[in-house]
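Below is one structure, written out as structure tokens; the observations come after it.
The values are calculated or read from the model by the stated rules, or taken from the named source; none is laboratory data. This one's a predicted model, so the numbers in the text were calculated from it and none came from an experiment. Every residue, glycine among them, receives a Cβ derived from its backbone with ideal geometry; neighbour counts consider all protein chains shown. The area values use the complete protein model at the heavy-atom level, side chains included, leaving out ligands, DNA and RNA. Shrake-Rupley method; radii C 1.70, N 1.55, O 1.52, S 1.80 Å.
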Amino acid sequence: MKADYRRGSSAFALLPVQPCSSSSQSQLRRCAALRGHPGAGSAGRAAEPGLPEMPLEDGDPVRPRRRQVNAEVSAIPRLRAMGDPSLRGTTAPGGSRIDVMAEGWEPGPALGDGDVTPGGAPQRAWQSEEALMTELLELVQKVVKSSSWWERHGVDISILACSFLLLPAGFLCLRSAQAIPFLAGVLTLGVVHHTLTVKGSHLASHNALTESKTWSKVWAIFFIELCSAFTVEQATYNHVKIHHGYTNIIGLGDSSTWKLPFLNRYVYMFIAPLAVPILTPLVALDLLRKVEWKAALRTLCCMFLGFYCHYWLLLHVSGFQSPWSALLCMLVTRSLLAHPYIHVNIFQHIGLPMFAADRKPKRIHLMSLGVLNLPRNSLLDWSFGHSLISCHVEHHLFPSLSDNMCLKIKPIVSQYLKQKKLPYNEDTYSSRLWLFLQRYEELMVHAPPITELVGIQ
């Protein structure tokens with residue numbers, strides 16, 4: 001793997017670091033520390049000996065090297081818990097205002113004593129790196145400020161509202177003894193469920209539905225806990241603080257939570273997604289041990305209310321005679337789009353460059369290298385949202401923007417990155433599916449190689 005891009009007189013090459021020799025115990029200990037492997041001490045900790053704790057704000061300067069460093073992560077992937085206890089209490093990146101929508105990014109960080117510039121270039125080289133993000137941010141700000149409330153929030157709220165309005169039709173269609181109306185009801189309820197639980201929960205976690213902090217909290221509880229049967233605190237912590245704060249950083253935001261190395265490729269890609277509606281509340285119940293008792297009690301009440309309302313409507317509105325048939329229908333509708341849900345989450349990050357925590361590049365390079373857009377798809381755009389499908393790069397650069405606004409700034413972001421010779425990753429769903437089926441062991445079982453940006457004059 002080698003990709004380079006030029007800016008001015010400098011070029012940066014993507015170089016995957018070669019794996020450590022298995023005979024070197026000291027190297028393996030360092031590898032395990034980077035990965036958070038249990039053999040390195042406390043499993044899942046963000047800061048291990050020799051690995052400096054990284055702030056959530058993306059203010060670290062780029063640290064390209066002229067040579068490759070012989071370091072690698074543990075060859076045994078670890079299924080991390082949903083969150084890192086050592087990072088609790090830190091300020092969540094991102095917000096609902098445009099001045100912080102670059103996820104905690106701040107211009108002009110000072111160079112540290114150990115920072116290295118490409119080819120020994122002066123500090124102005126790093127100022128120009130910050131200028132890239134500043135320039136892009138200004139371009140996006142102009143678009144957002146000139147947009148109406150309807151464009152910023154109204155379009156996505158309308159999609160969620162339409163989904164609610166489709167619920168009665170879906171439940172009533174299930175009363176029919178004929179196959180076509182019954183299947184139409186299953187399809188309707190399945191699409192509505194994923195629209196509320198995926199699109200609604202995702203927007204709510206980023207405060208993208210409203211600029212009011214109070215209403216943002218209300219919507220987060222409704223979509224994440226009542227509809228999705230998960231806990232707000234852990235969902236926000238793991239998605240906003242970890243995944244967005246440390247995108248493609250080994251042992252943190254490297255999407256390893258989606259890996260189940262004990263499953264073969266066909267079971268994982270085509271059978272395991274059917275268990276998502278069952279596994280989600282079970283994982284949520286386990287995570288409740290990590291939140292305050294008041295929040296845990298609220299989550300339990302919301303989860304029970306959401307499940308019971310769905311079950312009651314199937315019995316009393318749709319006319320199911322057996323509790324088991326109602327539960328089976330709940331499973332089918334809640335897993336209708338589980339396959340693309342799992343696929344999208346792994347396609348857009350895994351297989352792209354991964355970085356060590358102490359050598360992560362600047363934000364604009366990190367997001368352009370480590371995030372991928374899929375083509376537009378009417379069904380997935382509606383139920384998952386543009387920011388999870390065709391505008392994922394834009395979403396990671398400006399996560400507090402709604403789906404519609406990510407779609408609106410997409411031409412600006414793509415043109416800017418291409419103009420500056422920065423990567424803008426795009427691929428088709430079928431191409432990524434074929435890639436993961438062919439290279440499943442490499443991508444989903446073994447630990448990824450660490451990539452470095454190496455300065456070339």
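Couple of notes before you dig in:
- Number of positions in the range 211-230 that are surrounded by fewer than 18 Cβ atoms within 10 Å (Cβ to Cβ) and not in a helix (DSSP H, G or I): 2
- Cβ pairs under 9 Å, 6+ apart, first in the range 419-435 and of a type in the set (Val, Ile, Thr), second modelled with pLDDT under 95 and assigned to a helix (DSSP H, G or I): none
- Residue match in the range 393-411 (condition: open to solvent by 40 Å² or more (accessible area, probe 1.4 Å) and either outside any helix (DSSP H, G or I) or without any contact (Cβ under 8 Å) to a residue 12 or more places away in the chain (or both)): yes
- Members of the range 412-437 that are out of contact with any Phe, Trp or Tyr (no Cβ under 8 Å at 6 or more places or on another chain), part of a helix (DSSP H, G or I) and open to solvent by 40 Å² or more (accessible area, probe 1.4 Å): Ile412, Gln415, Gln419, Ser430, Ser431, Trp434, Leu435
- Those residues of the range 256-280 which are open to solvent by 30 Å² or more (accessible area, probe 1.4 Å) and either in a loop (DSSP other than H, G, I, E, B) or closer than 19 Å to Ala447 by Cα (or both), in sequence order: Thr257, Trp258, Leu260, Pro261, Phe262, Leu263, Asn264, Arg265
- Residue list for the range 318-335, restricted to those being in contact (Cβ under 8 Å) with a residue 60 or more places away in the chain and surrounded by fewer than 21 Cβ atoms within 10 Å (Cβ to Cβ): Ser318, Gly319, Phe320, Cys329, Val332, Ser335
- Test: residue in the range 402-423 that is touching a strand residue (DSSP E or B) at 6+ places or on another chain (Cβ under 6 Å) and at positive phi: yes
- Pair list, Cβ under 6 Å, 6 or more apart: the range 364-392 residue among the acidic types (Asp, Glu), other residue surrounded by 23 or more Cβ atoms within 10 Å (Cβ to Cβ) and modelled with pLDDT of 95 or more: Asp381/Ile389
- Among all positions in the range 342-352, there is at least one residue which is part of a loop (DSSP other than H, G, I, E, B), of a type outside the set (Phe, Trp, Tyr), out of contact with any Ser or Thr (no Cβ under 6 Å at 6 or more places or on another chain) and open to solvent by 20 Å² or more (accessible area, probe 1.4 Å).
- When restricted to residues that are buried (at least 21 other Cβ atoms within 10 Å of the Cβ), under 25 Å from Tyr341 (Cα atoms) and touching a Leu at 6+ places or on another chain (Cβ under 8 Å), the range 356-373 contains 5.
- Residues of the range 375-392 that are part of a loop (DSSP other than H, G, I, E, B) and open to solvent by less than 10 Å² (accessible area, probe 1.4 Å): Phe384, Gly385, Ile389, Ser390, Cys391.
- Yes/no for Asn207 being open to solvent by 40 Å² or more (accessible area, probe 1.4 Å) and either assigned to a loop (DSSP other than H, G, I, E, B) or modelled with pLDDT under 95 (or both): yes
- Filtered residues of the range 142-198 (kept if in contact with a helix residue (DSSP H, G or I) (Cβ under 6 Å, 6 or more places away or on another chain), of a type in the set (Ser, Thr, Tyr) and surrounded by fewer than 19 Cβ atoms within 10 Å (Cβ to Cβ)): Ser176
- If you check Leu379, Leu397 for being within 18 Å of the chain's Cα centre (by Cα) and under 29 Å from Gly200 (Cα atoms), only one passes: Leu397.
- Taking residues in the range 168-194 that are under 16 Å from Ala326 (Cα atoms) and part of a loop (DSSP other than H, G, I, E, B), and partners anywhere that are open to solvent by 40 Å² or more (accessible area, probe 1.4 Å) and aromatic (Phe, Trp, Tyr), the pairs with Cβ atoms closer than 9 Å and at least 6 places apart or on different chains are Leu174/Phe182; Arg175/Phe182; Ser176/Phe182.
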